[in-house]
Amino acid sequence: MAFELPPLPYAKNALASNGMCEETLELHHGKHHQAYVTALNGFVEKDPNLQGKSLEEIIKLSNNKPDMAPVFNNAGQHWNHTLFWPAMSPNSGGKIPGRLESKLNEDFGGVDKFKEAFKTAAVGQFGSGWAWLVLGTDGKLKVTKTPNGSNPLATGEGTALLGIDVWEHSYYLDFRNRRPDYVQNWLDKLANYEFAESKLG
Ligand code: MN3
């Protein structure tokens, strides 16, 4: 079974009034994410060791193997973007439900402190990559960042609740070079905290 591009969970213009325009989603989902899926399927087709493996298995078996870097990058980016689309919402974007709010207060000392830590990670990721809100294996929430196509599954840091793409293709049409503004807007207007809460278990 070939890997497939998951459909967006909302219309392409649904986030436009919250700071992510239709053209961004059209290119980012329809071209960039599709390209990762297509490339990954190409690698699987050529390598019997990858056939019949789940996406998670492919990420783990290609992680930290220099000769498998192209496989890892495309598999990781497919996984990352599959989490990224539902991590945004046109309706409830920015609203933090009670159980997650309590947990953010407990583990970060407040919602503002969480946002500050997340923004620092997202802005401080040099070059392309991602910042994450992760439920660590110790049961505590934390913020992490990863370069390029890597993610908390590969690093073994825990369960990703939210992930923000900080590759320039995710914000250049809406915010030009202003990554800090993109991240702040994402946290305040786009992030789907209900989705994050549902992954707390
Ligand atoms: Mn991207």
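Output the number of residues of segment 42-93 satisfying the condition of being open to solvent by less than 50 Å² (accessible area, probe 1.4 Å) and either touching a strand residue (DSSP E or B) at 6+ places or on another chain (Cβ under 7 Å) or not in a loop (DSSP other than H, G, I, E, B) (or both). Selection size over segment 42-93: 25. Contact map, segment 60-86: residues that are under 17 Å from residue 130 (Cβ atoms) paired with residues that are within 16 Å of the ligand (Cβ to nearest atom) and of a type in the set (Asp, Glu), Cβ distance under 8 Å, separation 6+ or inter-chain. Pairs shown: 80/165; 81/165; 84/165.
Has segment 38-57 got any residue that is within 24 Å of residue 179 (Cα to Cα) and not assigned by TED's automatic domain parsing to the domain that holds residue 130? Within segment 38-57, not a single residue is within 24 Å of residue 179 (Cα to Cα) and not assigned by TED's automatic domain parsing to the domain that holds residue 130.
Tally the residues that are open to solvent by 50 Å² or more (accessible area, probe 1.4 Å) and within 21 Å of residue 147 (Cα to Cα), restricting the search to segment 94-121. Summing the residues that are open to solvent by 50 Å² or more (accessible area, probe 1.4 Å) and within 21 Å of residue 147 (Cα to Cα) in segment 94-121 gives 3.
Cβ-Cβ contacts under 7 Å between residues 6 or more apart (or on different chains), taken from a first residue in segment 131-154 that is touching a residue at least 40 places away in the same chain (Cβ under 8 Å) and farther than 14 Å from residue 117 by Cα to a second residue that is open to solvent by 10 Å² or more (accessible area, probe 1.4 Å) and of a type in the set (Val, Ile, Thr), are listed as 135/159.
Screening residue 1 against (1) open to solvent by less than 70 Å² (accessible area, probe 1.4 Å); (2) free of Cβ contacts under 8 Å to residues at least 60 places away in the same chain; (3) among the aliphatic types (A, V, I, L, M) leaves a single unmet condition, (1). Just so you know, in segment 5-18 the residues that are touching a Leu at 6+ places or on another chain (Cβ under 8 Å) and within 16 Å of the ligand (Cβ to nearest atom) include one that is least open to solvent (accessible area, probe 1.4 Å), and it is 15.
The values are calculated or read from the model by the stated rules, or taken from the named source; none is laboratory data. No experiment lies behind these values; they were computed from the predicted model shown. FYI the Cβ positions are ideal-geometry reconstructions off the backbone, even for glycines, and counts take in every protein chain you see. With ligands, DNA and RNA removed, areas are computed over all heavy atoms of the protein, side chains included. Shrake-Rupley method; radii C 1.70, N 1.55, O 1.52, S 1.80 Å.
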